[in-house]
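Remarks on the structure that follows.
The values are calculated or read from the model by the stated rules, or taken from the named source; none is laboratory data. Model, not experiment: these values are computed from the prediction. Cβ atoms come from the backbone with ideal geometry, glycine included; neighbour counts cover every protein chain shown. Surface areas here come from the heavy atoms of the whole protein model, side chains and all, with no ligands, DNA or RNA. Shrake-Rupley method; radii C 1.70, N 1.55, O 1.52, S 1.80 Å.
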Number of protein chains: 2
Amino acid sequence: MNALLFDGGLRFRNDYPEPACGKGESLVAISVAGICATDLEIVKGYMGFRGVPGHEFVGRVIQSGRPGLKGARVVGEINCSCGRCDLCRRGLQKHCRSRTVLGIQGRDGAFADYLSLPDDNLHILPGKISDQAAVFAEPLAAACQACDDAGVREGEEVAILGDGRLGLLTALAFLAHGTRVTLIGTHRQKLAIAGRAGARTVVSGEAGRGGPYDAVIEATGSPDGLAQALAMVRPRGRIVMKTTVACRHALSLASLVIDEVSLVGSRCGNFNAAIALLEQGRVDPEPMISARYPLSEGEAAFSRAGDHDALKVVFLNS
Amino acid sequence: MNALLFDGGLRFRNDYPEPACGKGESLVAISVAGICATDLEIVKGYMGFRGVPGHEFVGRVIQSGRPGLKGARVVGEINCSCGRCDLCRRGLQKHCRSRTVLGIQGRDGAFADYLSLPDDNLHILPGKISDQAAVFAEPLAAACQACDDAGVREGEEVAILGDGRLGLLTALAFLAHGTRVTLIGTHRQKLAIAGRAGARTVVSGEAGRGGPYDAVIEATGSPDGLAQALAMVRPRGRIVMKTTVACRHALSLASLVIDEVSLVGSRCGNFNAAIALLEQGRVDPEPMISARYPLSEGEAAFSRAGDHDALKVVFLNS
């Protein structure tokens, strides 16, 4: 099959073996797959991953042992758990000790013609949602998780730091729930997408940042984001942390203790909530697609996805 | 009156003026006052405080405009709010922008014959609680706050890092609520106090630390405590942070995001919960008193409180 392989370099292959389909797994023919910040990190060596990257996808099930799945158009959760370790038994399957993660850890991903995933990971899509909207289900689920983690009550105000893909989607998800949102970023074009959906937008470093906010979502991707968030949140407020900074960096958390702030690490989320927002048209992510490529132009697609002004870059399979 | 004054150095005075009693405030004759880690920091210059330190006390109201307070034996909350700023209006009086804090910020404290506090800050003590137990009401309230912030459910396990005053009291508070507790510290004598109350105890650096824990209370007072806590908490677990480290220090919070851990800054707490634990005899803090001094021996008392093997050092007024 066609696949984009990362084996230290990124290369297109038309003879890559189709994925094996284990017991309880389905084989999915991929229609659309999205490039995410994690993919850009993977091709820089993050996680030491070797194989086919890609974890945001829409496809059609072509082989499955589970009645009702074959032929269905699906999106899929990316963490595959063992079901047996202490964390799985505690209900923490997403954190399974021997988990594989689609296109990220121990399992080939979505930048290919086909992928395999456990039946339990798949969500059948309602017909209303287009493929190019549905490819946002995974990152929108992560955005919905940020909304849950922020625990915002009626009348509270949220600030989002970072106007990248995740920051923007999080702004759209909060707005869909009727929350007042201020998005702080560096790209006027990206801010404008949230602005049209009803967010107040502020260019980072300019006046009018406002606050203190009841909750701040830290999605800058920068080691400095947390200190900014701490300066903007009210006492006893919440900071939801989306940025993963692997390196140690200098920081004081004194104000977290003195102001009794909660800092919540937030990663993957609830697909059902995301699919519902897409089906009801309450979040329209398609304007966030900056470019479309075939798999055979993988390098160009990754290069475009890394541009500062780019939002979502997707692969379309014919 | 007698008072222990910090004006760059710590000195005993027998001619210090009695505190003024503002509108809505009571004057309290102090019986017992406790030295806390914050006091030890204050005499090193923390907060730039000048005046009479001390914020843990028991006393008797000798002047008050509020019916029922005069003559009552009381303990008192330490944050005095303006009632008018945006934070007070949001119900965040403890974080009032122009607050004074007893013996810490803008208000003389408890290492004296008398102090004044707003009537609203005072809690009348039940007769059952001795003065030398009641002097723990303030730090025990902070320990109860850690229990609340940890959000522990039935069957969950808690680790407490640090066997100082606050770590020990937090262990006793959790045990009083029937929670399984592992206390990790460096002093066998201090650990033994929690051990006798039912905690599992582990000497830091030795084997048997156990985990992963549902919640970890970070009360080491050290910049390294948080990294230890992150290594011991389960995915989606909670870390309650009691340590205030003012300096910037190197840290990676990647595992907080990947493991979706919540980090909750925790400071002052609910006096009612603490007084109830003392009244019902469910926490017995008196074995934690290492030494008793008169105010006139202030320097010796501070020196003793700073010893590694010391727990609570108190001043007794005659």
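State, as an integer percentage, the relative contact order of segment A:211-257 based on alpha-carbon contacts under 8 Å between residues 6 or more apart. Numbers along the way, then the final one.
Values: 59 pairs, mean separation 20.1, N = 47.
Relative CO of segment A:211-257 lands at 43 percent.
If you restrict to DSSP beta bridges whose two residues both lie in chain B, what percentage is antiparallel, to the nearest 5?
Of the beta bridges lying entirely in chain B, close to 50 percent run antiparallel.
Can you list the HN-Hα couplings for segment B:124-129, worked out from phi with the Karplus curve (6.51, -1.76, 1.60; θ = phi - 60°), rounded to whole Hz and with x for Gly and Pro?
Going residue by residue, I get 6, 8, x, x, 4, 8 Hz, with x marking Gly and Pro.
Mind checking segment A:81-148 for trypsin sites (Lys or Arg not before Pro) that DSSP puts in a loop (not H, G, I, E or B) and that have at most 11 other Cβ atoms within 10 Å?
A:Arg84, A:Lys128
Can you tell me which of A:17-24, A:277-284 comes out highest on packing, and rank the rest after it, using the mean Cβ neighbours within 10 Å?
A:277-284, A:17-24
Over segment A:24-119, what portion of Cα pair distances is larger than 23 Å, expressed as a whole percent?
Of all Cα-Cα distances in segment A:24-119, 28 percent exceed 23 Å.
Could you work out the mean projected area of the convex hull around the alpha carbons of the protein assembly as shown, in square nanometres to one decimal? Let's see the in-between values first.
Details: hull surface 120.4 nm².
For the protein assembly as shown, the mean projected area of the Cα convex hull comes to 30.1 nm².
Does segment B:137-235 classify as rounded, prolate or oblate by the C-alpha gyration tensor (a ≥ b ≥ c root eigenvalues; a/c under 1.5 gives rounded; else a/b over b/c gives prolate, otherwise oblate)? Intermediate results must be reported in sequence, preceding the final value.
On the way: a/c = 1.25, a/b = 1.07, b/c = 1.17.
Rounded.
Between B:Ser204 and B:Leu316, what's the calculated FRET efficiency when r is the beta-carbon distance and R0 is 41 Å? Round to 0.05. Kindly include the intermediate steps, with their values, before the conclusion.
Working: r = 33 Å, r/R0 = 0.81.
The value I calculate is 0.80.
What percent do you get for the relative contact order of chain B when only Cα pairs under 8 Å and 6+ apart count? Could the numbers behind the result be given before it?
On the way: 727 pairs, mean separation 58.2, N = 318.
After rounding, I find 18 percent.
How about segment B:111-213: which GluC sites (Glu not before Pro) there are in a DSSP loop, with at most 12 other Cβ atoms within 10 Å of their Cβ?
Listed in order of number, the matching sites are B:Glu154, B:Glu206.
On alpha carbon coordinates alone, what is the Rg over Rh value for segment A:67-213, Rh being the Kirkwood radius?
Result: Rg/Rh = 1.04.
Whole angstrom only: what separates the Cα centroid of segment A:48-88 from the Cα centroid of segment B:93-164?
51 Å
Determine the shape class of segment B:229-311: with a ≥ b ≥ c the square roots of the Cα gyration tensor eigenvalues, call it rounded for a/c under 1.5, and otherwise prolate if a/b is greater than b/c, oblate otherwise.
Oblate, because a/c is 1.5 or more while a/b does not exceed b/c.
Would you calculate the separation in nanometres between label points at B:His177 and A:Asp309, each defined as 7 Å from the Cα along the Cα-to-beta-carbon direction?
Those two pseudo-labels are separated by 5.4 nm.
Using helices alone, I'd like the mean residue ellipticity at 222 nm for the protein assembly as shown: each DSSP H run of four-plus residues gives -39500 (n - 2.57), total over residue count, nearest 500.
That calculation yields -6500 deg cm²/dmol at 222 nm.
What number, in percent, do you get for the relative contact order of segment A:142-265 if the mean sequence gap of Cα pairs under 8 Å and at least 6 apart is divided by its residue count?
Values: 251 pairs, mean separation 29.3, N = 124.
Across segment A:142-265, relative contact order equals 24 percent.
Relative to the isolated chain, which residues of segment A:189-235 have their accessible area cut by 10 Å² or more in the presence of all protein chains (1.4 Å probe, heavy atoms, no ligands or nucleic acids)?
Those are A:Pro212, A:Asp214, A:Arg234, A:Pro235, which lose 10 Å² or more relative to the chain on its own.
What angle do you read, to the nearest 10 degrees and between 0 and 90, between the alpha-carbon axis of helix B:165-176 and the longest principal axis of chain B?
70 degrees
Leaving out same-chain residues fewer than 8 places away, which lysines sit with a Cα under 27 Å from that of A:Lys94?
Answer for A:Lys94, where 27 Å is the Cα cut-off: A:Lys23, A:Lys44, A:Lys70, A:Lys242, A:Lys312, listed by chain and number.
Considering only protein heavy atoms, with the full assembly of protein chains and a 1.4 angstrom probe, order B:Met1, A:Met47, B:Met241 by accessible area, largest first.
On the way: B:Met1 35, A:Met47 90, B:Met241 10 Å².
If we order B:Met1, A:Met47, B:Met241 from most to least accessible, we get A:Met47, B:Met1, B:Met241.
Set the Förster radius R0 to 25 Å, insert the Cβ-Cβ distance between B:Cys247 and B:Asn272 as r into 1/(1 + (r/R0)^6), and round the FRET efficiency to 0.05.
The value I calculate is 0.10.
In nanometres, what is the gap between the two model label sites at A:Arg90 and B:Glu279, each 7 Å from Cα along Cα-to-Cβ?
Going by the 7 Å Cα→Cβ label model, 3.6 nm.
How about segment B:192-263: which trypsin sites (Lys or Arg not before Pro) there are in a DSSP loop, with at most 15 other Cβ atoms within 10 Å of their Cβ?
Details: sites: B:Arg196, B:Arg200, B:Arg209, B:Arg236, B:Arg238, B:Lys242, B:Arg248; in loops: B:Arg209, B:Lys242, B:Arg248.
Answer in residue order: B:Arg248.
Write down the accessible area per residue of segment A:142-265 in Å², having rolled a 1.4 Å probe over the full set of protein chains.
36 Å²
Between A:Glu18 and A:Glu299, what length comes free when the chain is fully extended (0.36 nm per residue of separation minus the Cα-Cα distance, one decimal in nm)? Don't jump to the answer; show the numbers that get you there.
Values: separation 281, 0.36 × 281 = 101.16 nm, distance 2.14 nm.
So the extension gain works out to 99.0 nm.
Summarise the long-distance tail of P(r) for chain B by giving the % of C-alpha pairs beyond 30 Å.
33 percent
Obtain the nm distance between the two label points defined at B:Met47 and B:Asp224 by a simple spin-label model: each point lies 7 Å from its Cα along the Cα-to-C-beta direction.
2.9 nm
For peptide A:263-271, compute the average count of partner chain beta-carbon atoms within 10 Å of each residue's beta-carbon.
Taking all residues of A:263-271 together, the mean is 5.
From the residues B:Leu172, B:Met232, B:Gly151, which one has its Cα farthest along the dipole of segment B:142-265 in the positive direction, the dipole being from +1 and -1 charges on Cβ of Lys/Arg and Asp/Glu about the Cα centre?
The residue sitting most towards the positive pole is B:Leu172.
To confirm my reading of the symmetry, which residue of chain B has the Cβ nearest the axis that brings B onto A, and what whole-Å distance does it have?
Taking Cβ atoms only, the nearest residue and its distance are B:Leu263, 2.
Give the shape of segment A:205-273 as rounded, prolate or oblate, defined through the alpha-carbon gyration tensor: a ≥ b ≥ c are the square roots of its eigenvalues, a/c under 1.5 means rounded, and otherwise the shape is prolate if a/b is larger than b/c and oblate if not.
Rounded.
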